[in-house]
Amino acid sequence: MTTATARPPARAALVRAARARLATVVDPEIPAISIVDLGLVDGVTVDDATLVVEILPTFIGCPAIELIRAAVIEQLEPLRADPDSGLERVEVLISFREPWTAARISERGRAALVASGFAPPGSGPQLVGLAPPATCPYCGSRRTVLENAFGPTRCRSIHYCTACRQPFEQFKDA
Amino acid sequence: MTAAGPAHPIVEAGLERSLAELLLALADDDFVLGFADSEWTGIAPHLEEDVAMSSLAQDELAHAAAWYGLLAQLTGGDADRVAYDRPSTAVRHSRLVDHGRGDWARTMTRRWLYDTANAVRIEGLASSTCRPLADIAVKVRREEAYHLAHGQAWVERLAQAGGESRRRLDDALALVGPDAPSVLAPLESEAALQAAGILPTGSAELLERWTARVEPVLGRIGLGLPPAAPAALDPAMARSGHGPDFEALWAELTSVRRLDPEAAW
């Protein structure tokens with residue numbers, strides 16, 4: 001009997017190949033950072049002939065999610081189309097199995113945020129009110145004030161640096 | 001296991017209607033409040049609050065969409081149909097959310113009372129035996145930390161400003177305060193939900209926790225929590241008997257949908 005299903009060693013290689021491709025999918029709002037560095041990619045698994053990618057939204061109902069879903073499917077299409085892969089489908093699951101938190105952002109992701117003019121969020125599960133002042137992404141000063149906990153999107157807050165007098169945004173820790 | 005196998009059931013057989021009642025209460029509260037608060041977009045007292053209220057309203061609508069989505073999975077329906085295609089009498093939001101947005105003091109007072117009650121409710125649901133429900137509750141609670149800080153800051157600011165601000169705050173608390181416990185009022189299926197661990201904490205305990213949080217905040221600004229209106233704690237009335245403010249809101253918020261229910265967005 002022949003089967004299209006990938007064997008275990010082939011599965012591991014497929015998952016590695018998929019993860020490498022996912023690292024090239026960027027956040028639609030902040031294209032300097034990949035969805036992997038932002039910590040959005042949770043599980044990548046092969047279930048029979050289906051490659052399943054679990055995505056954790058930063059915020060529930062984030063409007064960028066549908067763009068991310070489409071980009072993931074597009075990036076993984078060559079793997080699916082490869083007859084040797086044994087894959088028939090790519091499925092993107094939007095999951096809350098684990099809450100996305102800022103601690104999931106990689107070091108490289110944090111550097112990419114700063115380079116784009118965003119203060120990275122605190123790395124712990126700290127919530128607003130207790131959070132220390134954001135670090136200015138332009139001059140590195142901590143002499144900053146929270147101007148508005150709510151910003152241009154649900155995942156961003158607005159700050160002002162009293163040292164270099166620049167307004168800036170911070171990626172919120174939800 | 002085959003890829004075409006049935007999805008895992010969200011809840012064990014026999015509890016679907018009970019879970020649906022809980023999900024609809026959660027969804028309708030967020031939906032109606034989110035829509036009412038979105039009316040401030042463009043006319044909030046200042047620009048920063050315009051941004052904040054728009055963001056808060058979007059949060060509520062996003063959370064409502066997550067609850068409706070789970071409900072649609074449970075009943076095999078479509079989230080938009082569940083939310084929009086029904087008469088106003090079938091909407092199960094609480095009496096607190098039924099009031100119109102009123103002035104800024106009423107909006108802020110209602111927001112804070114709702115956010116504190118909703119926080120207690122979703123913290124309780126974080127350990128629900130219904131895993132998809134618990135997962136959403138954990139995420140919603142994290143996002144709403146921002147709501148709690150915003151609402152409390154405004155209630156304190158209005159109280160401490162004195163004069164007209166204080167008078168408007170007093171009026172708002174007298175009007176919406178007695179209805180605040182309706183958010184936590186027992187559901188008709190509370191006993192079944194508790195027995196199954198879907199609702200780990202009952203409404204009496206949730207009300208105690210909520211009172212213990214809001215009374216000290218009000219006490220510090222010389223205010224007290226008004227006694228609950230009898231209807232706010234009655235399972236048959238806490239989420240029915242909608243008033244004219246809500247009827248107008250519902251007509252408005254379903255108007256686009258009614259133009260063409262089959263339109264794709």
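Listing for the model above:
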{"item": "Contour excess over end-to-end distance, with Cα ends at B:Arg131 and B:Glu208 and 0.36 nm allotted per residue", "result": "25.2 nm"}
{"item": "Total charge dipole magnitude, the range A:8-94, about the Cα centre, Cβ charges on Lys, Arg, Asp, Glu only, Debye to nearest 20", "result": "180 debye"}
{"item": "Alpha-carbon radius of gyration plus Dmax, which is the widest Cα pair, for the range A:8-94 in Å", "result": "12.6, 37"}
{"item": "At q = 0.18, 0.20, 0.21 Å⁻¹, base-10 log of I(q)/I(0) for the range B:1-117 (Debye sum, equal scatterers on each alpha carbon)", "result": "-0.93, -1.07, -1.14"}
{"item": "Nearest 10 degrees, 0 to 90: helix B:145-161 Cα axis against chain B principal axis", "result": "20 degrees"}
{"item": "Measure of compaction for the range B:104-146 (Cα Rg per 2.2 N^0.38 Å)", "result": "1.30"}
{"item": "Along each principal axis, Cα extent of chain A, largest first, Å", "result": "71, 26, 24"}
{"item": "Distance in nm between pseudo-label sites at B:Ala174 and A:Ala23 (7 Å out along the Cβ direction from Cα)", "result": "6.6 nm"}
{"item": "Model label zone, A:Ala10; criterion: amide N under 20 Å from point 7 Å along Cα-to-beta-carbon; scope the range A:71-104", "result": "A:76-91"}
{"item": "Spin-label pair B:Arg167/A:Ser141, simplified geometry with 7 Å Cα→Cβ offset, distance in nm", "result": "4.3 nm"}
{"item": "With at most 13 neighbouring Cβ atoms within 10 Å, loop trypsin sites (Lys or Arg not before Pro) (DSSP) excluded, longest segment of chain A", "result": "A:1-96"}
{"item": "Rounded D (µm²/s) - chain B, Kirkwood Rh over Cα pairs, Stokes-Einstein at 20 °C, 1.002 mPa s", "result": "112 µm²/s"}
{"item": "Stokes-Einstein D (µm²/s) once Rh is taken as the Kirkwood radius of the range B:41-94 over alpha-carbon pairs, at 4 °C in 1.567 mPa s", "result": "100 µm²/s"}
{"item": "Debye log10 I(q)/I(0) at q = 0.11, 0.12 Å⁻¹ for the protein assembly as shown, Cα point scatterers", "result": "-0.94, -1.10"}
{"item": "Cβ-based charge dipole, the protein assembly as shown, positive-most Cα from B:Val256, B:Leu169, A:Thr58", "result": "A:Thr58"}
{"item": "Cα centroid of the range B:124-163 to Cα centroid of the range B:165-201, whole Å", "result": "14 Å"}
{"item": "Distance between the range B:40-95 and the range A:45-123 - C-alpha centres, whole angstrom", "result": "26 Å"}
{"item": "Within the range B:155-202, GluC sites (Glu not before Pro) in DSSP loop having at most 13 other beta-carbon neighbours inside 10 Å", "result": "B:Glu188"}
{"item": "Simple Cβ-charge dipole of chain B, Lys/Arg +1 and Asp/Glu -1, about Cα centre, in debye nearest 20", "result": "440 debye"}
{"item": "Cβ-based exposure ranking for B:Val32, B:Val217, in which fewest neighbours within 10 Å come first", "result": "B:Val217, B:Val32"}
{"item": "Candidates B:Gly163, B:Gly224, B:Gly34: whichever shows maximal mean-square fluctuation once chain B is modelled as a Gaussian network with Cα springs under 10 Å", "result": "B:Gly163"}
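The numbers here are math on the coordinates, done by the rules we state, and not lab data. These figures come from a predicted structure and were not determined experimentally. For neighbour counting, all protein chains shown are included, and Cβ atoms are generated from backbone atoms with ideal geometry for every residue, glycine included.
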